[in-house]
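A short reminder: the numbers here are calculations on the coordinates, not readings from a lab. Worth saying up front: this structure is predicted, and the values here are computed from it rather than measured. Using ideal geometry, Cβ is built from the backbone for each residue, glycine included, and neighbour counts are taken over all protein chains shown.
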Amino acid sequence: GQANLSWVPPGRYDIHEILDYYSSQIENLGIELHLGVEADLESINKYQPDAVIFATGVKYNIPDIPGIDGSLGSEIYLAEKILEGEYPIGKNVVVVGGSATGMETAIWAAEQGAISSEIAKFIAFYELLPKEELFKRWLRGNRKVTIIDMLPKLGMSIGRTTRGFLIGQIKKLGIISILNVQIKKFEGKTLIYEHGNETKTLENIDTFIIAAGVTPNDELFNKVKQTNPPYKIFKIGDCKKPRTMMEAIHEGFRTAYNLDK
Ligand SMILES: Cc1cc2nc3c(=O)[nH]c(=O)nc-3n(C[C@H](O)[C@H](O)[C@H](O)COP(=O)(O)OP(=O)(O)OC[C@H]3O[C@@H](n4cnc5c(N)ncnc54)[C@H](O)[C@@H]3O)c2cc1C
C-alpha cells in the first residue's frame, strides 16, 4: 500500500525499514501473498473464510475542476503516481494541494536533480565550483516548484512540529506558495485561478501534480457487509479513516490478536 510511497520524500528513508520488516515476516511466517489481484465479493466468498479483515486503504480525491482530467491538454498526475516514479516531471511544476502529501511532493520535486553529497564533496575537494554555487546545487535541482491551495495556510492538518519542519524546508528550497485561491481551470500549460475578486494565471507549467487529499476506500467492505456474510468482517487502517501507519499497524495487530476471542 501507501507504505511504498511514504519513504520516497526526502528524509523519510527510515520508513523503508517497515517494508523490509513486514516483507521478511510475510516470508518467514509462510503467509500466502497474491499481488496484482483485485479482491471482490465473489473471490472472497470462494475462500469460505472465518473472518475477513479489510485494509483497503484510500481513494485519492480529484476535485471537480475543468481540465483536471487532462482533457484540455495539461500534463496532470496524482502525487502518488509521481512518487511511484511512473511519470517524469518537467522544469516548471505546480502542486495542487498544500497538506502533508502536497508539501512533501513539492520538496521532493525541488530536490530532484540536486547533486549528491558524494559528488558535492568531490567538487569541493577540487574546488570545481564557487562555494555558493556548489551549496545551491547540492541543496536543490533547478526546477521551479509552486504549491497552490484554497486554504489560507500550508499544512493546516499536520502536527505543529512536522509542519514547522516542512515549512522551513519549503522556504529554504525557494518553493512558492499561492494560498487562499479557487482554481477555475487547467488549460494546456496554464492554470486559471481566482484570488480575492481577481482572476489570475500561472503560465508555462510543464507538470501539474494533484495532492488533494484522500477518502476511505471502503466500498468493498460495505458491499460484503450488505450481504450479511456468514463470516466475521473487520475494517482497519486508512479504509476506516485515513490516518498514519501507526494506527493502521496497531488496528491490524489488535484485530488479529482478538480474532479467536
Ligand atoms: C506520500 C505519503 C507519505 C506518507 N507519510 C507517512 C509518514 O511519514 N508516516 C505515517 O505514519 N504515515 C504516512 N503516510 C500514510 C500511511 O502510508 C498510511 O496511513 C498507511 O499506509 C495506511 O495503511 P493501510 O494498510 O490502512 O492502507 P494502504 O497503505 O492504503 O494499503 C491499502 C492496500 O489495499 C489494496 N487494495 C485496495 N482495494 C483492494 C482490493 N479490492 N483488492 C486487493 N487489494 C486492494 C491497495 O492496493 C493497497 O495496497 C504517508 C502516505 C503517503 C501517500
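See the values below:
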item: For ILE167: the one exception among (1) touching a strand residue (DSSP E or B) at 6+ places or on another chain (Cβ under 7 Å); (2) away from the ligand (no atom under 12 Å from the Cβ); (3) aliphatic (A, V, I, L, M); result: (1)
item: Verdict on GLU80 being of a type in the set (D, E, K, R) and within 10 Å of the ligand (Cβ to nearest atom); result: yes
item: Matching helices (runs of 4 or more DSSP H) fully within region 1-87 where at least 3 residues are under 22 Å from ILE170 (Cβ atoms), under 21 Å from the mean Cα position of the chain (by Cα) and not aromatic (Phe, Trp, Tyr); result: 79-83
item: Of residues in region 226-261 being closer than 29 Å to GLY159 by Cα and assigned to a loop (DSSP other than H, G, I, E, B), the one farthest from the ligand (Cβ to nearest atom); result: LYS241
item: Selection count where residues are exposed (fewer than 15 other Cβ atoms within 10 Å of the Cβ), aliphatic (A, V, I, L, M) and farther than 25 Å from GLN112 by Cβ, scope region 166-211; result: 0
item: Unique residue being closer than 19 Å to ILE62 by Cα and of a type in the set (A, V, I, L, M) when the list is ILE210, ILE176, ILE170, ILE236; result: ILE210
item: Residue in region 1-16 that is loosely packed, with under 13 Cβ neighbours inside 10 Å, of a type in the set (Asp, Glu), on the phi < 0 side of the Ramachandran plot and more than 11 Å from the ligand (Cβ to nearest atom) present; result: no
item: Test: GLY237 is crowded, with 17+ Cβ neighbours inside 10 Å and on the phi > 0 side of the Ramachandran plot; result: yes
